[in-house]
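The values are calculated or read from the model by the stated rules, or taken from the named source; none is laboratory data. These figures come from a predicted structure and were not determined experimentally. Cβ: placed from backbone, ideal geometry, glycine included. Neighbour counts: every protein chain shown.
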Amino acid sequence: NVTICTIGELLVEFLAKKENQGFSQPGEFWGPYPSGAPAIFADQVAKLGFGSVLFSCVGSDAFGEMNVARLERDGVIVNGITVLQKATTGSAFVSYRNQSQRDFIFNLPNSACGLLTADHIDETLLNQCNHFHIMGSSLFSFRIIDAMRKAIENVKSRGGTVSFDPNIRKEMLNIPEMSQAFEYILDYTDIFLPSDGELDYFGRHQGEDEQLLVDNLLRRGVKHVVIKRGPRGASYFSDQQTWHVPGFAVSVVDPTGAGDCFGATFVSLFLSGVQPEEALNWANASGSLAISQRGPMEGTSTRSQIEAFLAAQSAR
Ligand code: ADP
């Protein structure tokens, strides 16, 4: 039985109603929506019926209450979420320039989830998990990096596995600790899930073949490399197998959360024994459903919703 834990930001998101609205004058926003890449991941894992633990912190406020209630409703084990009395729940404002470029203003390092430390990671709860998933977007403080190391070492020492989605935010690339942390994590990573746009950061040099980078990662000890390609779907590579599975033609309502839902679906199904090609197809469906709903966590889907989507697609 698969029980996956993840660590990091749990926040509310406000989404600018107009494209290019920006933040420099008053405007209208949708939200607050529950958000945070690891939280969306955890929600999607739970909705598929797998064990899902999220370690995070919220403030003692309505945003925190809403987030915890939402995750609990969807089946996430919320005992790992600590309510901090003296902090406020994290938040993010998002404005889209077009379907793929967006600007953020984050209130994270000084929010409750930015105060998460290794001490908030309850070992009894951690011991119930056989897999740990890391999001690069969560590594914005020393304290969280420490907490992440504690979880990796615990899960690995018990024979568990680790997955890593770099989920790079350009606003965070100037944090030097983050790139060091990426190197550390890759040494323990079993399943690596970058998007194709992120490959350059991991050593694919201009003009170089993607396969060369994949081979280097596999040689380094990563066992499974999964590359997300937006509307073009996704690919899977291991020492023995390569699969390319096309995406589905869907219209984009809100692209936030696609990669998180994709990752959660791929990782949990793959760990439960589903073959890579089928896991990719389900993960593509999960990513497609994610972008069809407004709000970062509003597009997580249940097993039967994914089945219905796949059935409708094959009837086309
Ligand atoms: P990330 O959100 O991490 O940048 P992607 O944009 O590649 O990752 O999205 C993750 C997955 O979601 C893709 O591999 C694909 O399955 C699905 N997806 C994303 N965007 C689209 C789209 N426009 N049309 C269809 N599927 C999409």
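Restricting to the range 225-283, count the residues that are of a type in the set (Asp, Glu), over 19 Å from SER314 (Cα atoms) and in contact (Cβ under 8 Å) with a residue 40 or more places away in the chain.
2
Kindly indicate which of PHE104, PHE140 is of a type in the set (Phe, Trp, Tyr), within 16 Å of the ligand (Cβ to nearest atom), touching a residue at least 24 places away in the same chain (Cβ under 8 Å) and closer than 30 Å to PRO231 by Cα.
PHE104
Given the structure, is PHE182 within 16 Å of the ligand (Cβ to nearest atom), more than 21 Å from ALA283 (Cβ to Cβ), among the aromatic types (Phe, Trp, Tyr) and under 19 Å from the mean Cα position of the chain (by Cα)?
In short, yes.
Select from the range 283-300 the residues that are surrounded by 24 or more Cβ atoms within 10 Å (Cβ to Cβ) and either charged (D, E, K, R) or in contact with a Leu (Cβ under 6 Å, 6 or more places away or on another chain) (or both) and list them in ascending order.
Once the filter is applied, which keeps residues that are surrounded by 24 or more Cβ atoms within 10 Å (Cβ to Cβ) and either charged (D, E, K, R) or in contact with a Leu (Cβ under 6 Å, 6 or more places away or on another chain) (or both), the range 283-300 yields ALA285, GLY299.
Search the range 150-167 for residues that are in contact (Cβ under 8 Å) with a residue 40 or more places away in the chain and pair each with any residue that is in a helix (DSSP H, G or I) and within 16 Å of the ligand (Cβ to nearest atom) when their beta-carbon atoms are under 6 Å apart and the residues are at least 6 apart or on different chains.
Sorted first by the residue in the range 150-167, then by its partner, the pairs are SER163/VAL267; ASP165/GLY263; ASN167/ALA37; ASN167/GLY136; ASN167/SER137.
Residue by residue through the range 135-173, note down the ones that are touching a strand residue (DSSP E or B) at 6+ places or on another chain (Cβ under 7 Å) and farther than 22 Å from ASN107 by Cβ.
ALA151, ILE152, VAL155, LYS156, GLY160, THR161, VAL162, SER163, PHE164, ASP165
Can you list residue pairs whose Cβ atoms sit under 8 Å apart, with the first residue in the range 47-73 being under 23 Å from ASN110 (Cβ atoms) and the second being among the hydroxyl-bearing types (Ser, Thr, Tyr) and at pLDDT below 95? Count only pairs 6 or more apart in sequence or on different chains.
As it stands, the answer is none, since no pair meets every condition given.
Any idea which of ALA311, ALA290, ALA283 is more than 30 Å from PHE93 (Cβ to Cβ), modelled with pLDDT of 95 or more and assigned to a helix (DSSP H, G or I)?
Selected residue: ALA311, the only one of ALA311, ALA290, ALA283 that is more than 30 Å from PHE93 (Cβ to Cβ), modelled with pLDDT of 95 or more and assigned to a helix (DSSP H, G or I).
Quick one: which residue in PHE266, PHE270 is in a helix (DSSP H, G or I), within 11 Å of the ligand (Cβ to nearest atom), more than 21 Å from PHE14 (Cα to Cα) and out of contact with any His (no Cβ under 6 Å at 6 or more places or on another chain)?
One residue alone meets the criteria, PHE266.
Out of all the residues in the range 242-266, which are closer than 22 Å to HIS224 by Cα and loosely packed, with under 14 Cβ neighbours inside 10 Å?
Within the range 242-266, THR242, PRO246 qualify.
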